[in-house]
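Below is one structure, written out as structure tokens; the observations come after it.
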Amino acid sequence: METLETLLNVSKLNDYVIRILGQNPGKFTLQGTNTYLIGRHPPFILVDTGEGRDEFLPLLEATLRQPRTQSTPYSNCLVSDIIITHRHRDHFGGLPSVLELLKRIHMEGNADADLVRPRIHKYPSPPKSESLSHESDLQSILSSLPTSTYIPSSAGSPIHDLWESQNFVTSDGTVSLTVLHTPGHTPDSICLLLRDLTDVDEQPNSLFTADSVLGQGTAVFEDLSTYLESLQRLLSLHEERNVKASFKAVYPGHGPVVADGPQLISTYIRHRREREDQIVGVLSRPVATQKGELVGKLGDTWTIWAIVGEIYKEYPENLWLPAAHGVGLHLRKLERDGRTRCLGGESINQRWTLLPKV
Ligand SMILES: [Zn+2]
């Protein structure tokens, strides 16, 4: 626990939250996936497992094996529950190795390891999403898990389905986690509201946001409409000023802790609105010819590529393609709002028109 490497990768964020980096830093994962151990004493609740890097396990093991003080209640079980925040591999890929590790540690101290197997939890994905690569990835990992390493659901699945407002309380009764379904990044994304139940001064709660709100940069999303609704919902929890529901610090799935979470969420929402206004502004103008040459060939409607060419004209063209994906999602949201209509075409050549305001 005391080596420099451990110190850099394991951070005690407060009395009851320890962050362990998933050891998968990268362009899209920033410092890597953050995993969190919640609770003042074992058994802990583990939020996410990283993507399954070998280097993660010694860090988790060292943290779990930390010597406890005399006053610490003894528990055979080190992790009672594992909550997976959503269906991306960098959050669930570590499940097999983490479960094996827990089984090994539990077996050392207790011959009847069956009694201390953890439960795995995740919010269900909508029906018809089984064919998606994320889902098949998840299903193949789940089907590979030895049944001796977890407590199955009543339906026999490795996953216990989470539900909106479900509450977890650590075994010593001092910390609670409440599930908030916040789709948008993925349809099964959740946030977890963290409350210190011993806090007589009623300090603000904190929020685990997984990939819905990141510690740096901007988050990506599959569906902009539901994503913005989720962000707005989080913000209104804060604005209600209800001590049980409001929050301040945000613990993201990637990047550092955000001290003022509500402010960052407002910035995210403002940024999306500004982008939307830009797109509406472009669509309401005559079609450009100089930057988006494809446009002229396709007629007098805006293609996604031509819109990108307008909005990102100050940026290098190698950034246009990733930007086109975001513009496409904005156009879909505007379509759902009754502001735009797709006139056909594929990918970046998709043609869009602005509808008159009703
Ligand atoms: Zn993700």
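The values are calculated or read from the model by the stated rules, or taken from the named source; none is laboratory data. These numbers were taken from a predicted model, which means no experiment stands behind them. Glycine gets a Cβ as well: all are built from the backbone with ideal geometry, and neighbour counts include every protein chain shown. For accessibility, only protein heavy atoms count, side chains too; no ligands or nucleic acids. Shrake-Rupley method; radii C 1.70, N 1.55, O 1.52, S 1.80 Å.
Considering only residues of the stretch 307-352 that are among the β-branched types (Val, Ile, Thr) and in contact with a Phe, Trp or Tyr (Cβ under 7 Å, 6 or more places away or on another chain), which is surrounded by the fewest Cβ atoms within 10 Å (Cβ to Cβ)?
Only one residue tops the list, namely ILE348.
Give the residue that is farthest from the chain's Cα centre (by Cα), with candidates limited to residues of the stretch 216-270 that are crowded, with 16+ Cβ neighbours inside 10 Å and charged (D, E, K, R). Once the filter is applied, the top-ranked residue is LYS248. The condition (being closer than 22 Å to LEU21 by Cβ, touching a residue at least 12 places away in the same chain (Cβ under 8 Å), out of contact with any Gly (no Cβ under 6 Å at 6 or more places or on another chain) and not basic (Lys, Arg)) is satisfied by just one residue among ILE159, ILE190: ILE190. Selection of the stretch 305-348 for residues being in a strand (DSSP E or B) and in contact (Cβ under 8 Å) with a residue 24 or more places away in the chain yields THR340, LEU343.
With SER165, SER97, SER154 as the choices, which residue is over 30 Å from ALA245 (Cα atoms), open to solvent by 60 Å² or more (accessible area, probe 1.4 Å) and at pLDDT 90 or above? I'd like the intermediate steps shown before the answer.
Values: SER165 fails: over 30 Å from ALA245 (Cα atoms); SER97 fails: open to solvent by 60 Å² or more (accessible area, probe 1.4 Å).
Being over 30 Å from ALA245 (Cα atoms), open to solvent by 60 Å² or more (accessible area, probe 1.4 Å) and at pLDDT 90 or above holds for just one of SER165, SER97, SER154, which is SER154.
Annotation: GLY281 fulfils all but one of (1) more than 14 Å from the chain's Cα centre (by Cα); (2) at pLDDT below 90; (3) under 24 Å from LEU331 (Cα atoms); the unmet one is (2). Considering the stretch 103-133, and only residues there that are touching a helix residue (DSSP H, G or I) at 6+ places or on another chain (Cβ under 7 Å) and assigned to a helix (DSSP H, G or I), the residue that is modelled with the highest pLDDT turns out to be LYS103.
Checking ARG68, ARG19, ARG53 one by one, the residue that is modelled with pLDDT under 80 and either open to solvent by 20 Å² or more (accessible area, probe 1.4 Å) or not in a loop (DSSP other than H, G, I, E, B) (or both) is ARG68 and no other.
Apart from one condition, ARG89 fits all of (1) under 23 Å from ASP54 (Cβ atoms); (2) crowded, with 21+ Cβ neighbours inside 10 Å; the exception is (2).
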